[in-house]
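The values are calculated or read from the model by the stated rules, or taken from the named source; none is laboratory data. Fair warning: this is a prediction, and the values are worked out from it, not measured in the lab. Here the Cβ positions follow ideal geometry from the backbone for every residue, glycine too, while neighbour counts run over all protein chains shown. What goes into the accessible areas is simple: the full protein's heavy atoms, side chains included, and nothing from ligands, DNA or RNA. Shrake-Rupley method; radii C 1.70, N 1.55, O 1.52, S 1.80 Å.
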Amino acid sequence: MTILHIDSSITGDNSVSRIVSQAIIDRLSAAQPGVGVVRRDLASEPLPHLTLDALADTSVLDQFLAADTVVIGAPMYNFTLPSQLKAWIDRVLVAGKTFRYTAEGPEGLASGKRVIIALARGGFYSENPAVALEHLETYLRSVFGFIGITPEFVTADGLSIGPEQRQVAIDQALGQTQHLAA
Ligand SMILES: Cc1cc2nc3c(=O)[nH]c(=O)nc-3n(C[C@H](O)[C@H](O)[C@H](O)COP(=O)(O)O)c2cc1C
């Protein structure tokens, strides 16, 4: 059993998505002693923008394919994901590897893998008019759905509202990790 742990926040120790993604890792590791955790920090070791030449390097894809579970810390930047995380996704969605086109339409090839995403957002996006601005959770749900995976989300919202709401959101997200199945 291998878990791939990915973070993409640029805010280091102040990062809520990092706190929550680590809590998810701790919980999964405690439930399954001996589990191997592979770390990829997209902020400290960023992947370059995708190029044609970079497509020939399958090391990021291979690392994803080798993992049974993938835990991702995903902060909201400008209503969507950090470009660091987009560069990783650009290497994971590969025709013929994680999806394929058939006569009946696209087919995901990565089903069977578990993906858990720690979302951290400064605002709230569940009620209008903000709903239309949410391109982080919706995007990640679409991307992983396209390759055959239904991601699970642990969310911390309203983090920029103020210190009290920030602490409430962190506590709630850490509480949500308790309900993740082993
Ligand atoms: C560059 C930048 C852009 C941001 N853009 C948004 C945004 O569009 N909407 C939002 O709700 N919060 C936004 N925020 C707030 C972050 O989502 C919030 O601080 C969250 O805690 C980030 O995750 P982290 O704590 O793991 O870094 C932004 C923060 C930064 C640093």
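Values computed for the structure shown
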quantity: Residues of the range 1-32 satisfying the condition of being in a helix (DSSP H, G or I), of a type outside the set (A, V, I, L, M) and either touching a strand residue (DSSP E or B) at 6+ places or on another chain (Cβ under 6 Å) or near the ligand (Cβ under 8 Å from one of its atoms) (or both); calculated: 14, 17, 18, 21
quantity: Pairs with Cβ under 7 Å, 6+ apart, first in the range 8-23 and within 14 Å of residue 84 (Cβ to Cβ), second more than 8 Å from the ligand (Cβ to nearest atom) and part of a helix (DSSP H, G or I); calculated: 8/84; 8/85
quantity: In the range 33-61, the residues that are more than 16 Å from the chain's Cα centre (by Cα) and assigned to a loop (DSSP other than H, G, I, E, B); calculated: 33, 34, 35, 44, 45, 48, 49, 50, 51, 56, 57, 58
quantity: Neighbours by Cβ (under 7 Å, 6+ apart or cross-chain): first from the range 70-84, over 12 Å from residue 137 (Cα atoms); second part of a strand (DSSP E or B) and within 6 Å of the ligand (Cβ to nearest atom); calculated: 82/75
quantity: Tally, over the range 167-182, of residues that are under 15 Å from residue 114 (Cβ atoms) and touching a residue at least 12 places away in the same chain (Cβ under 8 Å); calculated: 3
quantity: Restricting the range 62-111 to residues that are in a strand (DSSP E or B) and of a type in the set (S, T, N, Q), the residue that is least open to solvent (accessible area, probe 1.4 Å); calculated: 69
quantity: Residue check, residue 164 acidic (Asp, Glu) and either part of a loop (DSSP other than H, G, I, E, B) or touching a residue at least 24 places away in the same chain (Cβ under 8 Å) (or both); calculated: no
quantity: Selected residue (only one of 148, 158 is in contact with a Lys or Arg (Cβ under 9 Å, 6 or more places away or on another chain) and either open to solvent by less than 20 Å² (accessible area, probe 1.4 Å) or outside any loop (DSSP other than H, G, I, E, B) (or both)); calculated: 158
quantity: Residues located in the range 113-134, provided they are more than 9 Å from the ligand (Cβ to nearest atom) and open to solvent by 40 Å² or more (accessible area, probe 1.4 Å); calculated: 114, 126, 127, 128, 129, 131, 132
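Residues checked against (1) β-branched (Val, Ile, Thr); (2) within 16 Å of the ligand (Cβ to nearest atom); (3) at pLDDT below 95:
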| residue | (1), (2), (3) |
| --- | --- |
| 67 | no, no, no |
| 77 | no, yes, no |
| 86 | no, yes, no |
| 94 | yes, no, no |
| 97 | no, no, no |
